[in-house]
1. Has the range 190-211 got any residue that is surrounded by fewer than 22 Cβ atoms within 10 Å (Cβ to Cβ) and touching a residue at least 60 places away in the same chain (Cβ under 8 Å)?
2. Is at least one residue of the range 226-236 farther than 29 Å from residue 195 by Cβ and either under 16 Å from the mean Cα position of the chain (by Cα) or at pLDDT 95 or above (or both)?
3. Can you name the condition, by its number, that residue 158 falls short on among (1) over 30 Å from residue 203 (Cβ atoms); (2) buried (at least 20 other Cβ atoms within 10 Å of the Cβ); (3) out of contact with any helix residue (DSSP H, G or I) (no Cβ under 9 Å at 6 or more places or on another chain)?
4. So in the range 96-138, with the set limited to residues that are without any contact (Cβ under 8 Å) to a residue 60 or more places away in the chain, out of contact with any helix residue (DSSP H, G or I) (no Cβ under 9 Å at 6 or more places or on another chain) and closer than 30 Å to residue 278 by Cα, which one is surrounded by the fewest Cβ atoms within 10 Å (Cβ to Cβ)?
5. Can you tell me which of (1) under 21 Å from residue 173 (Cβ atoms); (2) without any contact (Cβ under 8 Å) to a residue 60 or more places away in the chain; (3) buried (at least 18 other Cβ atoms within 10 Å of the Cβ) is the one residue 221 doesn't meet?
6. Which ranges mark the strands (runs of 3 or more DSSP E) fully within the range 96-204 that have 1 or more residues being over 16 Å from the mean Cα position of the chain (by Cα) and at negative phi?
7. Can you tell me which residue among 248, 253 is within 26 Å of residue 139 (Cβ to Cβ), in contact with a strand residue (DSSP E or B) (Cβ under 8 Å, 6 or more places away or on another chain), buried (at least 22 other Cβ atoms within 10 Å of the Cβ) and modelled with pLDDT of 95 or more?
8. Can you work out which of the residues in the range 269-286 that are farther than 17 Å from residue 107 by Cβ and in contact (Cβ under 8 Å) with a residue 60 or more places away in the chain is surrounded by the most Cβ atoms within 10 Å (Cβ to Cβ)?
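The values are calculated or read from the model by the stated rules, or taken from the named source; none is laboratory data. Keep in mind that this is a model prediction, so the values were computed, not measured. Methodologically, a virtual Cβ is constructed for each residue, glycine included, from the backbone with ideal geometry; neighbour enumeration extends over all protein chains shown.
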């Protein structure tokens, strides 16, 4: 990394939690999170039993999938290659989901009633394994904000809780980029025009799960423009983070530019949050993009 180095206090907000249900000064945590900072919990581990540690094998993942996923609402597990291990994998992911709920209740109680559409993943491959085989659009070692081609979210926030469960003590290495307002201003002139007709056709043909709004179009364009710009990847404002085994961290991944550089074995819990459920909705990417565009985007 040779770009301008961001000050740590603008990127990361550390918390002392050692237990998933341990309350802290949540006002500062929510404010930092909604400003786009990473909430870093260096001492918040998710302990695995000896039997669960036996599940930490990349060959457990279906070759057609990147990760194993779990939907807590349906109880469905996808991506397990070894069928006999599905009950153990499900139990592990379900336990992490409940721990994540406890963390939200203790740390972010304002969000508790508004979070929805939970999804949990078990990531067993090393980052380097999928980097070489991915297209540049899918290469998550490039700085990006999350936006998904087939799953428009109409401005809802993407809240993610990560836990490094590496049994060998290996850290996960991240890069984190500049605040979203500066990012949006930087790339806005490059983003292609929105076509309501194209969005309607893509939804009608089943390419997208719902109609892609103007907001979703801009976010997807921003995601792609960031990843395609090699100069920005190398020279743009950023900070390298080392996330040790036994630590957890939280961010709004649609707002915080991030890139996974190395590491293996991680649990990740995703929730969606309506903008109206935020303490400071003006910090949402939707509000920032609407201000820049001077129009309603949903």
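1. no
2. Yes.
3. With respect to (1) over 30 Å from residue 203 (Cβ atoms); (2) buried (at least 20 other Cβ atoms within 10 Å of the Cβ); (3) out of contact with any helix residue (DSSP H, G or I) (no Cβ under 9 Å at 6 or more places or on another chain), residue 158 is out only on (1).
4. By that ranking, first place goes to 98.
5. The number of the failed condition is (1).
6. none
7. 248
8. Going through the range 269-286, the residues farther than 17 Å from residue 107 by Cβ turn out to be 272, 274-276, 281-286.
Filter once more, keeping what is in contact (Cβ under 8 Å) with a residue 60 or more places away in the chain: 272, 274-276, 283-286.
On the way: 272: 18, 274: 17, 275: 18, 276: 10, 283: 22, 284: 24, 285: 26, 286: 24.
For the range 269-286, the residue satisfying everything is 285.
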